[in-house]
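Remarks on the structure that follows.
Please treat every number below as a calculation from the coordinates, not as lab data. Every value quoted in this text rests on a predicted model; they were computed, and no experiment measured them. With ideal geometry, Cβ positions are generated from the backbone for all residues, glycine too; neighbour counts draw on all protein chains shown.
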Amino acid sequence: MINPIYTPAPARYDSGMKYRRCGRSGILLPEISLGLWHNFGDVNPLSDSMAMLHYAFDHGITHFDLANNYGPSYGSAEETFGIVMEKSFAPYRDELFISTKAGYDMWPGPYGNWGSRKYLMASLDQSLRRMKLDYVDLFYSHRFDPETPLEETLQALVDIVRQGKALYVGISRWPAEAARKAYSYLAERDVRCLIYQGRYNMLDRADEAGGIISEAADNGVGYIAFSPLAQGLLTDRYLNGIPEDSRIALGGHLKSDSLTPGLLESVRKLNGLAAERGQSLAEMALAWILRDRKVTSVIVGASSTSQLQRNLSALESPAFSDEELQIIDSTNP
């Protein structure tokens, strides 16, 4: 059976999504963006990935976050997105904000990793082919490379914009000092850093404590948070043990020794607070990040449209009281 031609929901911008300005730029990003790190690779049914991408756009999610090695396998999330781009999204390209990255292991040999000019430029060319795009809206240096001269990495980003292969550039998980140098270098060349992507959630506040979020704002740079649910820890998934189909049980990035008795106690306390607020722990965790106006957007993953629907419920979250914020602060490991 041939899938019918996709037509997005006419009310997609009236469905409750809110948009925030990204630093000192003309870009507005949805408060919730969709990340394709897991569940969109070639080990997942294309029909499921297509359904989630359609659902996201139908509900006002315009920003899709990818990287060259997202999958699994490497490159397959971008290939999946390329199929959906060609079959569904092509007429709506100008309504979409698509990002990708390079910086982690992608192909064998000395030129498929880290931050060299050769790797970044070659990787982006490959990404564009996989995603069936002429350009991406945003290209990131996915991680800081301590061995490659910082100027080489940053000049590659400048030249990528000047070549028209990306409209904006950003950095992900760079240390604070290197980030400050990046903001200055890029601004001096009229290719400002649009956004900093970092890990941020109720259990991991290093970017808040270390000044990363505030410094980005001070430099007119947006901030986008990934891993807002701490890879599932900030859900009800592990409250009563480790499910057989969970990331911990399957041996993913989340390890069993990370779920300590102290952490589990904190998660249960947070879950109790969420229940008192009339929402799930996941909804509260997303709303807690978005309470800070210096945060431009939160990247969520999804394994189903129903999960994505539940995440979007965070946009209707009630405001936090001072007492609730103090309780959350007291659970910070």
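Values as computed for the structure displayed
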quantity	calculated
Gained length - Glu152 relative to Gln307, 0.36 nm times residue gap less alpha-carbon distance	51.7 nm
Surrounding net charge for Ala314, when Lys and Arg each add one and Asp and Glu each subtract one, Cβ distance under 10 Å	-2
Mean Cβ neighbour count within 10 Å, used as a protection proxy, ranking 15-25, 52-62, 92-102 highest first	52-62, 92-102, 15-25
Integer Hz, Karplus 6.51/-1.76/1.60 couplings in order for region 294-309, x for Gly and Pro	6, 7, 7, 7, 10, 8, 10, x, 7, 10, 6, 5, 5, 5, 5, 4
Sequence ranges 225-234, 314-323, 201-210, 164-173, ranked by mean other-Cβ count within 10 angstrom, highest first	225-234, 164-173, 201-210, 314-323
Reach of Lys132 by Cα under 13 Å, taken over aspartates and glutamates that are not fewer than 8 positions away in the same chain	Glu78, Glu79, Glu86
16 Å reach of a label modelled at Arg162, 7 Å along Cα-to-Cβ, counting backbone N of region 92-127	117-118, 121
Taking N as its residue count, the alpha carbon Rg of the chain over 2.2 N^0.38 Å	0.97
Karplus-derived 3J(HN,Hα), 6.51/-1.76/1.60, for each residue of region 20-25, Hz, glycine and proline x	10, 6, 8, x, 9, 9
Exceeding the 28 Å Cα-Cα cut-off - candidates Lys118/Lys181; Lys18/Lys181; Lys87/Lys165; Lys101/Lys294; Lys87/Lys118; Lys101/Lys181	Lys18/Lys181; Lys87/Lys118
Cα gyration tensor category, rounded, prolate or oblate, for region 133-195 with a/c compared to 1.5	prolate
Estimated FRET transfer efficiency (Asp48, Tyr111; beta-carbon r; R0 41 Å; 0.05)	0.75
Theoretical FRET efficiency, 1/(1+(r/R0)^6), r = Cβ-Cβ of Leu264 and Ser15, R0 35 Å, to 0.05	0.45
Peptides 35-41, 263-269, 8-14, 298-304 ordered by average Cβ neighbours within 10 Å, highest first	35-41, 298-304, 263-269, 8-14
Rounded Å value of the spacing that divides the Cα centres of region 284-304 and region 61-77	19
Under 5 Å, built H, 5+ apart or other chain: amide partners of Ser33	Val298, Ile299, Val300
Cross-link partners of Lys269 among aspartates and glutamates (Cα-Cα below 19 Å; sequence separation of 8 or more within a chain)	Asp204, Asp236, Glu283, Asp322, Glu323, Glu324, Asp329
